Structures are given as structure tokens and as C-alpha cells.
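K.L.:
Got a structure here, written out as C-alpha cells. Questions coming.
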């Protein structure tokens, strides 16, 4: 991996949204997702633009991570001037016929170093809440004209990447909600089971009401007595019916 020189760091465009972008990346849990599907999109973009390289990048405060890639066996590089960093900072597509002639990109180690990147097009990956968290970028080591009339193709593919982010985030949230609901149900059943273990039918009924309705013992007894008086039924019978109903629910 190429080192970023002090000169390159100095040339880099100011990035006022670096922290909020990093927070969005953590919130979306993008880097926790296996990159398999992003490799496929990168390969498709490379074929459509007839280039040997394409990356789906995630740009945090310090690194440009190649979360999906085609033709390049690197996990990422430190942030450097131009290219992907320029795209996320400006929020605009960047097309370069020859990156070596660009005043910012020429200092990027991928351009100035052994790799020798020249042709480059990158478009932002913009989340639904407005954060540009990375890029979809195609590039080559040979200069060539930028096909501006085809940028919308890369923008559409970038949209597919973001939708994949959204689908996977929604799926994780749905699983988390299901687990929370399951634990809540298990907790309620545990409370009812504990209530049935109380000595005496009236004590059991009071425990059930305390578990189901979040009452204290005084309010639970008052509720049982109110049902008894309104229906002219003995207090013990009211309690017995409630306990029997809960036992049926628990399959006892």
C-alpha cells in the first residue's frame, strides 16, 4: 500500500463533513457487510466502461476502503488528494482524462506511485439522509477521454450500491426488532409463570395482574375485589378463573 506523503496531506481539499460522514458509515454499518455483491457491481461497471479497474469505496476520516473491487487486490488506501476524496468532499462526479495532469490528483500515491493511475471517473454514494459515504469509481493506467455522455450509467450503478446498503440495514433492523419482541414475550411468560408459583389462588391472581398490567400489589388486589363486587362473585372464584385462564395460555 502506498504511503501518503506530508505534501499530499497538505494538498488535500478541506473536508468539513469528515466526522459526520464517519458517523453515518458507522450508523449504516456499511463496513460490517460482506462485500460480495459489491464486487459484482464493480465488475459490471468495469465491463460497461471497458476498463480494467473499478472500486466501490467507503471513505471514512482516514482511509478510502475498497469495499467492492474489480481488478485490484487492495483493501484500501489512506486518504490522499483528488480522486475518491474529491468526490465525497464536493458531492459531485469527477472525471479525469489524465490524473497526472490534475493539480490535486497528481499528488495521490495511486497516481504518482508505481500503480500509475491515469484515467478516472468517480460518482458519490449518497445515502437517503444526504451523506456522501463513498464512491463508485472506474479507472485505468492509460489516459483516455472521459465519456461524459455515459456518466448517468455510473450514477445508476451507484444507486444500486446504495439501495443494497439500505436493504441490508433494513434487514438487520428487522432482525433486531424481532429479537427484542421475542425477549419481551419470554419475559412476560416468565413473570406469569412466577406468579403461578405464588402460594394461594388469590396471591397467584395478584401476581398475574402485577406482571400483565405493571400494577403494585395493592392495585392488583383492588382490581380483583372490583371484579368480584361488580359481578357478585366471590373473590376466590374471580382469582381462580384468572389463574385457570393463564394456565391454559401457558399450556399447563
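K.L.:
Relative contact order for region 18-125: what percent, with Cα pairs under 8 Å and sequence separation of 6 or more?
P.N.:
Contact order relative to length: 19 percent.
K.L.:
Still on this structure, I have one more. Along Cα→Cβ, 7 Å out, is where each label goes; now give me the distance between the ones at residue 227 and residue 50 in nm to one decimal.
P.N.:
With each label point 7 Å from Cα toward Cβ, the separation is 7.9 nm.
K.L.:
Moving to a separate point now. Can you put 63, 148, 85, 131 in order of Cβ neighbours within 10 angstrom, beginning with the fewest?
P.N.:
Ordered by Cβ neighbours within 10 Å, fewest first: 148, 63, 131, 85.
K.L.:
Another question about this same structure. When N counts the residues of region 1-120, how does its alpha-carbon radius of gyration compare numerically with 2.2 N^0.38 Å, as a ratio? Intermediate results must be reported in sequence, preceding the final value.
P.N.:
Details: Rg = 14.0 Å, N = 120, 2.2 N^0.38 = 13.6 Å.
Its radius of gyration relative to the 2.2 N^0.38 Å reference: 1.03.
K.L.:
Extending each Cα 7 Å along its Cβ direction at residue 63 and residue 90, get the distance between those two points in nm, one decimal.
P.N.:
Result for the modelled spin labels: 2.7 nm.
K.L.:
Test of understanding: extend the Cα→C-beta vector of residue 174 to 7 Å, then name every residue of region 28-47 with backbone N under 19 Å from that spot.
P.N.:
It comes to 28-30, 33-34, 37, nothing else.
K.L.:
Which whole-number percent of Cα pairs in region 197-249 have a distance greater than 15 Å?
P.N.:
Tail of P(r) above 15 Å: 39 percent of Cα pairs.
K.L.:
How would 228, 137 line up from fewest to most surrounding beta-carbon atoms within 10 angstrom? Don't skip to the end; give the middle numbers.
P.N.:
Details: 228 16, 137 28.
Fewest to most other Cβ atoms nearby, the residues stand as 228, 137.
K.L.:
For region 94-152 and region 34-92, what is the centre-to-centre distance using only Cα atoms, to the nearest Å?
P.N.:
Measuring centre to centre over Cα atoms gives 9 Å.
None of the figures in this text is laboratory data; all of them are computed from the coordinates on show. Because the structure is predicted, anything quoted here is derived from the model rather than measured. As a convention, Cβ positions derive from the backbone with ideal geometry for all residues, glycine included, and neighbour counts pool all protein chains shown.
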